[in-house]
1. Tell me, what ³J(HN,Hα) does each residue in region 70-77 have, in order and in whole Hz, if you take phi through Karplus 6.51 cos²θ - 1.76 cosθ + 1.60 with θ = phi - 60° and put x for Gly and Pro?
2. Sticking with the crude label model, points 7 Å out along Cα→Cβ, report the distance from ASP151 to SER81 in nm, one decimal please.
3. Kindly state, to the nearest 0.05, the FRET efficiency for ARG171 paired with GLN95, given R0 = 30 Å and r defined as their beta-carbon distance.
4. Using +1 at the C-beta of Lys and Arg and -1 at the C-beta of Asp and Glu, which of LEU180, LEU145, GLN87 has the Cα lying farthest in the positive direction of the dipole of region 87-201?
5. Quick query: amide H of ARG69 versus all other amide H atoms, modeled in the peptide plane; which residues come in under 5 Å with a sequence gap of 5 or more or a different chain?
6. Dipole of region 46-194, Cα-centred, from +1 at each Lys and Arg C-beta and -1 at each Asp and Glu C-beta, to the nearest 20 debye?
7. Straight distance only, please: which lysines reach the Cα of LYS31 with their own Cα at less than 30 Å, same-chain residues fewer than 8 apart left out?
8. Quote the charge dipole size of region 57-136 about the Cα centre in Debye, to the nearest 20; the model charges only the Cβ of Lys and Arg (+1) and of Asp and Glu (-1).
Amino acid sequence: MQRSIADHTGRTNAPWNRGKLIGPKPPLKAKEIWSIRVRLQVANSTRDLALFNLALDSKLRACDLVALRVDDVALNGRVRSRATVMQRKTGRPVQFEITEQTREAVGRWLEKKGLHKGEPLFPSRINRQRSMTTRQYARLLASWLRAIGLDPLAYGTHSLRRTKASMIYRRTGNLRAVQLLLGHSKIESTVRYLGIDVDDALLIAEQVEI
């Protein structure tokens, strides 16, 4: 139960999480991913489609995603099939794949915006030389979720980071692979991040016959 806290002046401060859903944000389901993609395609939202697809493929934290530069993902105008970036939080490099549909979406965005090497991949609307902020990214995500009938308060940017990683784990049970893809230094962090419990382990075990 949330309780109000009185400060040294005797005034009552509302708890920081009042009205907010706290705890791990769930990943998106496949049907939700496609619903968002279709809406962005119909609306000709070139930037948003590229951002959404790349967020899913890269599995990057919001701060690393918005900080991407053109040359992080493209060479001579062609979008790479794989990329490597340095994580701000850990200072460690992490690699990620860029699927064909994401390469196409990012390529269309580069062409439409006329972006070049060294420039932010997703520039601010106010200043092209600065990247969009994580706050702006979060607002965009909220609008995408709202458009398909989901509650934005129940999700967050970590939902997109977690989505593909969760799918890979569910399909393969390969925790080490997911750890590498997320750039975690400890496998315990990956276990907590994915919310793996005994039921998950038993489900994987039941699929293996000897």
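No lab work stands behind these numbers, since they all come straight from the coordinates. None of the values given here were measured: they were computed from a predicted structure. Neighbour counts are summed over all protein chains in view; Cβ atoms, including those assigned to glycine, are modelled from backbone coordinates with ideal geometry.
1. 4, 6, 6, 10, 9, 9, 6, x
2. For the pair ASP151/SER81, the computed spacing is 4.3 nm.
3. Values: r = 20 Å, r/R0 = 0.65.
My answer for the efficiency is 0.95.
4. After comparing all options, I get GLN87.
5. Residues meeting the amide H criterion: LEU121.
6. Numbers: 29 positive and 12 negative charges, 55 e Å.
The dipole magnitude comes to about 260 debye.
7. By straight Cα distance, LYS31 reaches LYS20, LYS59, LYS112, LYS113, LYS164.
8. Working: 18 positive and 9 negative charges, 65 e Å.
Charge dipole of region 57-136: 320 debye, to the nearest 20.
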